[in-house]
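Read through the structure below, which is laid out as C-alpha cells, and then see the notes.
The values are calculated or read from the model by the stated rules, or taken from the named source; none is laboratory data. These numbers were taken from a predicted model, which means no experiment stands behind them. When we count neighbours, we look across all protein chains shown, and the Cβ atoms used for this are built from the backbone with ideal geometry, even at glycine.
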Amino acid sequence: MAMFGNAHAVDVTAAQEEFARLLGEDEQLHAAFELVRDSILFTDRRLIFVDKEGVTGKKVEYLSVLYRSITRFSVETAGPFDLDADLKIWISGSDEPIEKSFTRGVNVYEMQGILAKFAAR
C-alpha cells in the first residue's frame with residue numbers, strides 16, 4: 001500500500017511485462033517500485049524513472065540513468081518514528097540528487113545491493 005506519496009515494491013514479473021517496450025534486448029528487470037502513478041525500475045543496465053504527467057497521466061516521461069553515471073548514492077532506512085526510507089542518487093554533472101521516498105515495508109538493503117552491484121561496474 002502506498003501511503004503519504006511513498007513508493008512501494010511491485011511484482012517484478014508483472015512490471016517486466018508492463019514495461020517490456022522500454023527494455024533493451026536481453027535487459028532484465030531486478031526490482032520495481034510504484035509511487036501513485038509513477039514507477040522506478042532497476043534493471044541490469046540502468047535505472048528508469050517513469051513519470052506520468054497531467055491529470056490523465058497520458059503524457060509520460062521516461063528518464064534513464066545509466067549506472068555508470070551515478071557518482072554516489074545514499075539509502076536512509078526508516079527509523080522507529082519514521083514512516084519512510086529515502087534514496088538519494090547523485091549523477092555526474094548534477095549538483096542536486098534525485099530523491100525518492102519508500103514505505104517502511106520496502107527492503108532498502110536490496111535496493112542498495114542492486115545499486116552497489118551495477119554502479120560499481
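Does Arg21 fit the bill of being touching a residue at least 60 places away in the same chain (Cβ under 8 Å) and over 21 Å from Gly105 (Cα atoms)?
no
Taking the condition of being at pLDDT 90 or above and in a strand (DSSP E or B), how many residues in region 62-114 meet it? Walk me through it before giving the result.
Filtering region 62-114 down to residues at pLDDT 90 or above leaves 62-74, 88-98.
Going one step further and asking which of them are in a strand (DSSP E or B), we end up with 62-66, 70-74, 88-91, 98.
Within region 62-114, residues that are at pLDDT 90 or above and in a strand (DSSP E or B) number 15.
Considering each of Ala20, Ala120, Ala15, Ala31 in turn, give the residue that is of a type in the set (A, V, I, L, M, F, W, C), surrounded by fewer than 15 Cβ atoms within 10 Å (Cβ to Cβ) and at pLDDT 90 or above.
Answer to the check: Ala20.
Any residue at all in region 34-50 that is surrounded by fewer than 16 Cβ atoms within 10 Å (Cβ to Cβ), assigned to a loop (DSSP other than H, G, I, E, B) and among the basic types (Lys, Arg)?
yes
Need the failing condition index for Asp84 against (1) surrounded by fewer than 18 Cβ atoms within 10 Å (Cβ to Cβ); (2) of a type in the set (D, E, K, R); (3) touching a Ser or Thr at 6+ places or on another chain (Cβ under 9 Å), just the number.
That leaves (1) as the condition not met.
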